Amino acid sequence: MADVSELLRAGSGVELASIDTAGTPGMPASRRVSQDPKAWARAELTGIGAELARQQEMLFANAKSDPADQRRVLLVLQAMDCGGKDGTVKRVSRAMNPQGLRITAFGPPTAEERQHDFLWRVRRALPLPGYVGIFNRSHYEDVLVARVRELVPPRVWKARYEKINAFERELVDSGFSLVKVMLHISYDEQRKRLLERLDEPTKHWKYNPDDVDNRAFWPAYQQAYQDAISRCGTDHAPWHVVPADRKWYRDWAVAQLVLGALRRLELSYPPPGFDPQTERKRLERDEAGRAGKVNVR
């Protein structure tokens, strides 16, 4: 199977218009897959989930056993409205232990957050050592929404690229593995998903009339994404563009990216700080002593 991380990696000079939003880079071309790729991807995701859970447990165990082990993984998800961030979070994290998982959804800054630097709220949401963190939207909103909707002057958002690069360099140097993903959907697919939310009463709560207004800014957002990916796609914190019109491919691809980041840590279970045989004998003596006391009575 092709290296999904390399196939989806994007950086300087990326052109989103040239990336097929319905594509499936990295999926095998075998007959079994081509006959029903959706079923194949969903079955594969089950197996990937089990491995994600095992890797996450080893990550957590190492941090618990050794306070000096600062390793952690952070998945950063960005997308246009209806891009599938919530669904991706749910399906990719499903098999992982919630005790070692921190998921943060960033909305518009609160009054308190606006009083601080744009990275202030992001730092407060970072996962602890041994954890897998997921950002549903992130610090990149401050060079996307803030730029397109003119919430700050150009000189402000332009200066943020270098601040983001320095911030991510700091994270990587302190033990973070960053997985940055843009879920790339088409203009037509967004319209389709908005209509689905209107057609299904149980999805009305997900519908926001502002999403329709934002469609007028589609070209501006695409340019803003291209600039963010080009200027903040680095060797230590690369960007990946995941075609997201096909939800089953989206979930499979993002799970592969997270699993790849965990595997590159070359994790294993930490050795015990005790002798298992000695502890076994202690428990056996304890049980024998308890049985003797019962017989005496």
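Multiplying the residue separation of Ser230 and Asp173 by 0.36 nm and removing their Cα-Cα distance gives an extension gain of 18.4 nm.
Computing Rg and the Kirkwood Rh from the Cα coordinates of the range 172-223 gives a ratio, Rg/Rh, of 1.17. In terms of Cα to Cα distance under 28 Å, which lysines are near enough to Lys247, apart from those fewer than 8 places away along the same chain? Candidates past the 8-residue exclusion: Lys38, Lys85, Lys90, Lys180, Lys192, Lys203, Lys206. Within the assembled protein chains, the solvent-accessible surface assigned to His116 is about 80 Å², based on a 1.4 Å probe. Using +1 at the Cβ of each Lys and Arg and -1 at the Cβ of each Asp and Glu in the range 88-209, identify which of Leu144, Val92, Val156 lies farthest towards the dipole's positive end. Farthest towards the positive pole: Val92. An ellipsoid equivalent to the chain, defined through the eigenvalues of its Cα gyration tensor, has semi-axes of 41, 24, 19 Å when rounded to whole angstrom and sorted largest first. The 3J(HN,Hα) values that the Karplus relation (6.51, -1.76, 1.60; θ = phi - 60°) gives for the range 81-91 are, in residue order, 3, 6, x, x, 4, 4, x, 5, 4, 5, 7 Hz. Gly and Pro appear as x. Under the classification rounded if a/c is under 1.5, otherwise prolate if a/b is larger than b/c and oblate if not, where does the range 89-195 fall, given a ≥ b ≥ c as square roots of the Cα gyration tensor eigenvalues? Oblate shape, in that a/c is at least 1.5 and b/c is the bigger or equal ratio.
Around the Cα centre of the range 80-202, unit charges on the Cβ atoms of Lys, Arg, Asp and Glu (plus for the first two, minus for the last two) sum to a dipole of about 100 debye. Between Leu128 and Ser65, residue separation times 0.36 nm minus the direct Cα-Cα distance comes to 21.3 nm. Compactness of the range 16-168 is given as radius of gyration and Dmax, 18.7, 57 Å, from Cα positions. Only DSSP H runs of four or more residues enter the estimate; each adds -39500 (n - 2.57), and after division by the residues of the chain the mean residue ellipticity at 222 nm equals -16000 deg cm²/dmol. Based on the Cβ-Cβ distance of His116 and Asp213, what FRET efficiency does E = 1/(1 + (r/R0)^6) give at R0 = 30 Å, to the nearest 0.05? Step by step, r from the Cβ atoms, then E = 0.60. Taking the protein heavy atoms of the chain in the context of the full set of protein chains, the accessible area attributed to carbon and sulfur is 50 percent at 1.4 Å. Computed from backbone phi with θ = phi - 60° and the Karplus coefficients 6.51, -1.76 and 1.60, the 3J(HN,Hα) list for the range 206-222 is 8, 7, 10, x, 5, 4, 5, 4, 5, 5, 5, 9, 3, x, 5, 5, 4 Hz; x is used for glycine and proline. Here the Gaussian network model covers the chain, with springs between Cα atoms less than 10 Å apart; of Glu189, Glu51, Glu266, Glu266 fluctuates the most.
The values are calculated or read from the model by the stated rules, or taken from the named source; none is laboratory data. Keep in mind that this is a model prediction, so the values were computed, not measured. Quick reminder, even Gly has a Cβ in these numbers, built from the backbone with ideal geometry, and neighbours come from all protein chains shown. Accessible surface areas use protein heavy atoms only, side chains included; no ligands, DNA or RNA. Shrake-Rupley method; radii C 1.70, N 1.55, O 1.52, S 1.80 Å.
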